[in-house]
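K.L.:
Sharing a structure with you now.
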Amino acid sequence: MPAISRDEVAHLARLSRLALTDAELDEFAGQIDGIINHVQAVQKVAADDVEPMSHPSSLSGVMREDVVKPTLTVEQALDQAPSQDRQRFEVPQILGE
C-alpha cells in the first residue's frame, strides 16, 4: 500500500500553489512514495552506537601546524614592481578619489 495517495499529492500541490496535471500527480505520488520507502529503510538501520557527525569522515587534523618561515623582504617584494611609493606597490587610481 502506498504511503502517500494521489489525493494527498493534489492537496500538497494546492497548498504549494502548484498547478499539476493528472499525469504529474500520478508521477509525483510514485516518486514521493519511493522517497518515503527509502527513508523508512534508512530508519531501520541499527545505528544506536554510531556517533552523529557533520561530515562523512573525521575532520581532525585538517589544519597544518602554524610555523613561522622566512618571507620576502620589502626590497625583494618590490624589486620587480613597475611603480612603488614609500615601500608600497603603487597602482593606478580606479575610484577617482
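K.L.:
Give me the net charge of A81's neighbourhood, meaning all other residues with Cβ under 11 Å from the Cβ of A81; Lys, Arg count +1, Asp, Glu -1.
P.N.:
Around A81, the surrounding residues sum to -3.
K.L.:
Further question on the same structure: With θ set to phi - 60° and the Karplus curve 6.51 cos²θ - 1.76 cosθ + 1.60, what are the ³J(HN,Hα) couplings of segment 46-51 in order, to the nearest whole Hz, using x for Gly and Pro?
P.N.:
Each residue's phi maps through the Karplus curve to give 6, 10, 5, 9, 9, 6 Hz.
K.L.:
Just the accessible area for L15, please: 1.4 Å probe, Å², rounded to the nearest 10?
P.N.:
Roll a 1.4 Å probe over it and L15 shows about 120 Å².
K.L.:
Here is a follow-up. With angles folded into 0 to 90 degrees, how steeply does helix 22-43 sit against the dominant principal axis of the chain? Use alpha carbons for both and round to 10.
P.N.:
70 degrees
K.L.:
If you don't mind, there's one more thing I want to ask. Stokes-Einstein at 37 °C, 0.692 mPa s, Kirkwood radius from Cα pairs: D for the chain in µm² s⁻¹?
P.N.:
155 µm²/s
K.L.:
Pull up all non-local amide H partners of Q84: gap of 5 or more, or a different chain, and H-to-H distance under 5 Å with H placed in the peptide plane.
P.N.:
Residues meeting the amide H criterion: E90.
K.L.:
Helix 6-15: angle to the longest alpha-carbon principal axis of the chain, degrees 0 to 90, nearest 10?
P.N.:
The answer is roughly 50 degrees.
K.L.:
Hey, what number do you get for the chain at 222 nm if only DSSP H runs of n ≥ 4 count, each worth -39500 (n - 2.57), divided across all residues, to the nearest 500? It would help to have the intermediate numbers written out before the result.
P.N.:
Values: 3 runs with 37 residues, N = 97.
Mean residue ellipticity at 222 nm (helix-derived): -12000 deg cm²/dmol.
K.L.:
Okay, moving on. What residue among V67, V39, V50 has the largest mean-square fluctuation in a Gaussian network model of the chain, using Cα springs under 10 Å?
P.N.:
Greatest mean-square fluctuation among the candidates belongs to V67.
The values are calculated or read from the model by the stated rules, or taken from the named source; none is laboratory data. Since the structure is predicted, the reported quantities are computational estimates derived from the model, not experimental observations. Note that each Cβ is placed from the backbone with ideal geometry, even for glycine, and that neighbours are counted across all protein chains shown. Calculation scope for accessible area: heavy atoms of the full protein, side chains included, ligands and nucleic acids excluded. Shrake-Rupley method; radii C 1.70, N 1.55, O 1.52, S 1.80 Å.
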